[in-house]
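S.K.: Have a look at this one before I ask anything.
The values are calculated or read from the model by the stated rules, or taken from the named source; none is laboratory data. This is a predicted model, so every value here is computed, not measured. Cβ atoms come from the backbone with ideal geometry, glycine included; neighbour counts cover every protein chain shown.
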Amino acid sequence: MPAAIKGTITVDGQEITITNPEKLLWPDCGITKRIYLEKLAALSPYLLRYCRDRLLTVIRYPHGVSGMSFYQKNAPDPLPAFVQTAVHENINYIKLQGLAELIWLGNLAALEFHPSLHYVGSDLPCEWMIDLDPSREVEPRIMEATAIVGTVLTSLGLSSVPKTSGATGVQIIVPIETGVTFDGLRKIGHFVGRYVTEKHPNLFTLERLKKNRGDKIYFDYLQHYSGKTLAAPYTPRARPLATVSTPLLWEEVRQNVSPTDFHLLNIEERLQRMGDLLEKVPPQPVQQLIAKLP
């Protein structure tokens, strides 16, 4: 993308108007809208892979991360002709199909991208995600907890990829074969969650109400369901340090990396060096395990 973005630019043959390119979106990092759009373009081959053909919810911060924000599910009006939408349960969702749509949303100060967990027109999950959600803003045990869950999944014969949420938590992603249902994933999720909470009662909890969790990490297997969303792999997050939801190596988990280690100012170099870690894991035999559960 050009060094200075003003007025109208052309992206994949589509004209997009860019407004206030020097507005600071992440003041602590010096990231302006212009820099943000450049970083989005670099992230696009990875981020789009996990948003395309899904129902998209974005979180917009018109005045940057220190200002007010709002969730946007319904597509705004007017809508550029190149932006596709899909209606689901009376909501007209945006479909994030390509770079032009991504840059258009970035110009609207959409700083977070939360896709549905199923494709448009389908009621089957795209993958299985376990969400480890700390009860504290700073949780030094989050990688310890992640490693424990990863070990349990390995013992079940499942390969998985941990990713930082970009906020305080971690999600563990298991690629799945077509045909697995959300209810089936809830069944195996409850099985794994109950096991780790019984083995590590001071670390994990299945308690849904945050006020009742104490300092324990919530093993959330319920969020992964039709109609719900989780932060996409490679989405930026509206946190002060411009963190990015980043897939990790299990070795990095064992090294106790911090979610704040991965952000808009260094993610491009990491992706050039390591590629998409999620893409390297084939679909896992989850359905076979579900069938064996009582």
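S.K.: Filter the range 244-278 down to the residues that are loosely packed, with under 13 Cβ neighbours inside 10 Å and within 15 Å of the chain's Cα centre (by Cα) and list them by number.
M.R.: Correct list: empty.
S.K.: Determine whether Ser44 is polar (S, T, N, Q), farther than 24 Å from Ser226 by Cα and assigned to a helix (DSSP H, G or I).
M.R.: The answer is yes for Ser44.
S.K.: Still on this structure: In the range 109-125, is there at least one residue being under 20 Å from Gln223 (Cα atoms), at pLDDT 95 or above, of a type in the set (Phe, Trp, Tyr) and surrounded by fewer than 21 Cβ atoms within 10 Å (Cβ to Cβ)?
M.R.: So far as the range 109-125 goes, yes, one or more of its residues are under 20 Å from Gln223 (Cα atoms), at pLDDT 95 or above, of a type in the set (Phe, Trp, Tyr) and surrounded by fewer than 21 Cβ atoms within 10 Å (Cβ to Cβ).
S.K.: Follow-up. Return only the number of the condition from (1) closer than 23 Å to Lys95 by Cβ; (2) of a type in the set (Asp, Glu); (3) in a helix (DSSP H, G or I) that Glu15 does not satisfy.
M.R.: (3)
S.K.: In addition: Which strands (runs of 3 or more DSSP E) does the range 111-191 wholly contain that include 2 or more residues that are under 21 Å from Gly214 (Cα atoms)?
M.R.: 127-133, 170-175
S.K.: Another question, if that's okay. Under 8 Å between Cβ atoms, at least 6 apart or on separate chains: pull out the pairs that start in the range 269-294 with a residue that is closer than 18 Å to Lys39 by Cβ and end on any residue that is β-branched (Val, Ile, Thr).
M.R.: Qualifying pairs under 8 Å: Arg270/Thr246.
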